[in-house]
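Structure first, then comments.
The values are calculated or read from the model by the stated rules, or taken from the named source; none is laboratory data. Since this is a predicted model, take the numbers as computed values, not measurements. Here the Cβ positions follow ideal geometry from the backbone for every residue, glycine too, while neighbour counts run over all protein chains shown. In case anyone asks, the SASA skips ligands and DNA or RNA and just uses the protein heavy atoms, side chains included. Shrake-Rupley method; radii C 1.70, N 1.55, O 1.52, S 1.80 Å.
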Amino acid sequence: MKIRIAALSAMFCAATAVATPTVSIDSVVQRWPWNNKVDITYTVTDGQESAPSGFYRIVFTATIGGNEYTIGDASGVHASASSGKHTVTWTLPSGIGTTDCSMVARIYSSDTPSGDDYMIIDLATGAVTYEGLLTQSLSNARYNNDASGTGGTNIYKTDKLVLRKIPCTARSGSLANGPFADGYPTGDDTNYASTNGRTNWITKLDYYIGVFPITQAQFEKVTGSNPSTFKTDDGSDLAIYRPVENVSYTGVRGTGVPDAVVDPNDSEGQVFVARLNGRTKTASDVSGLDLPTELMYEIAQRAGATHVYSHNDTDTVSGMPDYGVGNVSHTYAVGGKLANAWGLYDTNGNVMEWCRDDNSRANLKDASDPWTPASSGSVTSATYYAKRGGAAWQNWTWNNGDWRASHRSFDESKSWKEYGFRIAYIVR
C-alpha cells in the first residue's frame, strides 16, 4: 500500500546555541515502484557546525493510521544536523495499510555530530556508530587532532577506525547530486590511459573508506601483532601512528579470491579482515568490511578532481609535498600532511596500499561497476594484486608518473616495508 503524505510540520526541542537551529521538512516520498522505502528530504538552518559547544541530533515522528513511529538512530536513520538540505531513507514497518501520513522533525542536543557521513568502529568491541559531517575542515580536525585517549593519544588512530562516506551519485539530496551528478571521475588522458582510461561512474551504492591507512596501533589492536619495520619512535612522530606495513595481500584478507566475501567466522581468522568483521558482526550485525577495489580507491583519492594529479586542479606536481612525502628514510604518522577535499589523508605517499583486485583487468574503464574487483578466479603465490596510493615513502621523485591519481601498480602477495592498506565498506 503506497503512502500519501497529508501534512508536514517541524518543531524545535531543547537545544541551546548562539544561533538557534531550525529544521523544516521539504518532502516525504515513497519510492516508485511502491515499496517500503521512504525518502525524507529536509533543510537545517544554523546547524551543528555553528554551535559553540556540543552538537545536535534530529528525530522524525511519523503518524500513520493513528500510530506513531519514531525515526532516528535506533531505527537506523542517522539524520545530519548540519546546515543545508539533506535526504534520509526510512524503511517502513511491515503491515502499514493506510495512505495518510503526517510527520514532524525535532532537534535535540547530542554529544556527537548527528548524521552518517562517518562510520566509527570500536576496534576492541566491534561496536559501530555513525557521525555527521560538520564543515570538512572541522571534521578533519575532529578526527586528526583528537587527544582523548590514554596518555593523550588519538583514539581515531589507535582504538577506533573512522571511515568517510562516499555517497552514491543517484540519490536525491546527497553530496554527490551537485557537482557529481554526471558521475565520479577516474582515469586520465596521459600516455598511461591504456591502463586506466578516463571514465565517469554513476553509482547507486554508498560506500565508506578509511580516513587513514590502518596504523600500527590499529593493526595490533585487532590481530595482537605488529609486523611493521618502522616500530621505533624517532622524536618526529609516534610509531604507533605510522601505517602498518610489511603486510601481504593474503595476510590482510586471506587466501580467498578477490571476488569472494571474507567469512567473519572463518577458521583462518588470524587475518585482519576476518577478525575485524567477526567483531563488528557480533557487536553490530555489520560485516563486509574489506579492502577497497581500485576504482573505489581512485574515486575517493580524487575527491572529484579530474586532472592527472588529485591534490589540485592542475596537471602539474606543484604543491604535492603538502599532500605526500617522497625520498625519506621511513614511513610517517598518518594525518601529517593535508587531507584531500573529502577529508582523506595519505592517499599520496606514505605507503602503497593493497586493493582488492588482481591484475586480470587491463583497463579499469572496462569494469562493470566500481564494486566488483578484478579476479582471475585463483590464488597462488604468483598471483599479482593491485596497489594504489601514489608512490611510497622510499626513493621516489615528484615528477614521475607514480604520483598520478590513476597510477596502477601490481605485485605478488608479499610482505614489504612499502605496503600497507586501508579498509572500505559497501552499503548494500
Residues in the stretch 146-172 that are of a type outside the set (A, V, I, L, M, F, W, C), more than 24 Å from Y297 (Cα to Cα) and not in a helix (DSSP H, G or I): how many? 5
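With open to solvent by 40 Å² or more (accessible area, probe 1.4 Å), of a type in the set (G, A, S) and farther than 30 Å from R428 by Cβ as the only criterion, which of S94, S109 stands out?
S109
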Determine the pairs where a residue that is closer than 11 Å to P227 by Cβ, located within the stretch 416-428, has a partner that is surrounded by fewer than 17 Cβ atoms within 10 Å (Cβ to Cβ) with Cβ atoms under 7 Å apart, the partner being 6 or more residues away or on another chain. K417/T229
Is at least one residue of the stretch 332-342 part of a loop (DSSP other than H, G, I, E, B) and within 17 Å of Y425 (Cα to Cα)? yes
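Just to verify a result, which residue in the stretch 41-89, among those that are of a type outside the set (D, E) and in a helix (DSSP H, G or I), is farthest from K165 (Cα to Cα)?
Only one residue tops the list, namely S50.
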Filtering the stretch 192-231 for residues that are closer than 26 Å to A300 by Cα, assigned to a loop (DSSP other than H, G, I, E, B) and either at pLDDT 95 or above or of a type in the set (A, V, I, L, M, F, W, C) (or both) leaves a count of 8
The lone exception for G319 - which of (1) without any contact (Cβ under 8 Å) to a residue 12 or more places away in the chain; (2) open to solvent by 50 Å² or more (accessible area, probe 1.4 Å) it fails: (2)
Of all residues in the stretch 110-138, which are assigned to a helix (DSSP H, G or I) and under 13 Å from the mean Cα position of the chain (by Cα)? none
Report, by residue number, each residue of the stretch 113-148 that is buried (at least 18 other Cβ atoms within 10 Å of the Cβ) and among the β-branched types (V, I, T). I121, V128
If a residue counts only when it is open to solvent by less than 10 Å² (accessible area, probe 1.4 Å) and closer than 24 Å to G197 by Cα, which strands (runs of 3 or more DSSP E) contained entirely in the stretch 355-428 have at least 3 such residues? 384-388
Give me a count of the residues in the stretch 232-278 that are open to solvent by 40 Å² or more (accessible area, probe 1.4 Å), part of a loop (DSSP other than H, G, I, E, B), out of contact with any Lys or Arg (no Cβ under 8 Å at 6 or more places or on another chain) and under 28 Å from G335 (Cα atoms). 7
Can you find even one residue in the stretch 155-162 that is in contact with a Leu (Cβ under 7 Å, 6 or more places away or on another chain), surrounded by 15 or more Cβ atoms within 10 Å (Cβ to Cβ) and under 23 Å from L205 (Cα atoms)? yes
Does any residue of the stretch 305-314 turn out to be polar (S, T, N, Q), at positive phi, surrounded by fewer than 19 Cβ atoms within 10 Å (Cβ to Cβ) and in contact (Cβ under 8 Å) with a residue 60 or more places away in the chain? no
Given (1) modelled with pLDDT of 65 or more; (2) surrounded by 13 or more Cβ atoms within 10 Å (Cβ to Cβ); (3) of a type outside the set (V, I, T), where does A10 come up short, assuming only one miss? (1)
Apart from one, (1) at pLDDT 95 or above; (2) among the aliphatic types (A, V, I, L, M); (3) in contact with a Ser or Thr (Cβ under 8 Å, 6 or more places away or on another chain) all hold for M103; the odd one out is (1)
Within the stretch 150-163, identify whether any single residue is under 30 Å from V308 (Cβ atoms) and modelled with pLDDT under 90, and answer yes or no. no
Evaluation of S174 against (1) open to solvent by 30 Å² or more (accessible area, probe 1.4 Å); (2) among the hydroxyl-bearing types (S, T, Y); (3) modelled with pLDDT under 90 (one fails), failing number: (1)
Give the stretch 46-93 a look and list any residue that's over 24 Å from S284 (Cα atoms) and of a type in the set (A, V, I, L, M), or say none. A51, A62, I64
Mind telling me which of the residues A341, A386, A391, A300 ends up being at pLDDT 95 or above and among the hydrophobic types (A, V, I, L, M, F, W, C)? A300
